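Beneath this line is the structure, given in structure tokens, with notes to follow.
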Amino acid sequence: MTRKEIEARTEELLTPIAEDNGVYVYDVEYVKEGSDMYLRAYIDKEGGVTIDDCEAVSRVLNEKLDEKDYIDEAYILEVSSPGLGRKLSKDRHFLNSIGQEIELKCYKSVDGQKEYTGILTGYDNGVITIDTGSGTKDFGKAEVSSVRLTVDF
């Protein structure tokens, strides 16, 4: 089973568990860090999630994962909030973040820069539009290595 298939299957399994606990699924990722594999489930709700929310979802998800047993290798399960500087990767992430400030990093230099900060003003068909303060700029999702909400303190 591929990484993407594991993530999709886990999200399907997680969605009703999250709903039963008054939260929603923000994202699921299955990644290798060092010698360990991590299955990370990010949950959220209006006002933010608590440690109790994460614990309740984790307990039920862990039982379901053991029951379904579709991941062949050993992994570490983590359930958490996506955090303030959350990564935007799915269409729904971009659409829900319109009007917020983002930090965007490109694989290659665009107009002499690899990093841009601005207000996310639009997202359509994989095209990210930001207002940089000196005008709007469009980026194709394929040319972007990462997008995160900015965090101001």
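The values are calculated or read from the model by the stated rules, or taken from the named source; none is laboratory data. No experiment lies behind these values; they were computed from the predicted model shown. A quick note on method: Cβ atoms are made from the backbone with ideal geometry, for glycine too, and the neighbour counts reach across all protein chains shown. Ligands, DNA and RNA are excluded from the accessible area calculation, which covers all protein heavy atoms including side chains. Shrake-Rupley method; radii C 1.70, N 1.55, O 1.52, S 1.80 Å.
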Gly133 without any contact (Cβ under 8 Å) to a residue 12 or more places away in the chain and either open to solvent by 80 Å² or more (accessible area, probe 1.4 Å) or more than 18 Å from the chain's Cα centre (by Cα) (or both): no
Tally, over region 118-136, of residues that are more than 14 Å from Gly99 (Cβ to Cβ) and small (Gly, Ala, Ser): 4
Filtered residues of region 140-153 (kept if within 18 Å of Arg92 (Cβ to Cβ) and either in a strand (DSSP E or B) or over 18 Å from the mean Cα position of the chain (by Cα) (or both)): Val144, Ser146, Val147, Arg148, Leu149
Residues within region 121-135 that are assigned to a strand (DSSP E or B) and out of contact with any strand residue (DSSP E or B) (no Cβ under 6 Å at 6 or more places or on another chain), tallied: 2
Residue, farthest from Glu12 (Cα to Cα), within region 37-82, restricted to residues that are more than 20 Å from the chain's Cα centre (by Cα) and among the acidic types (Asp, Glu): Asp52
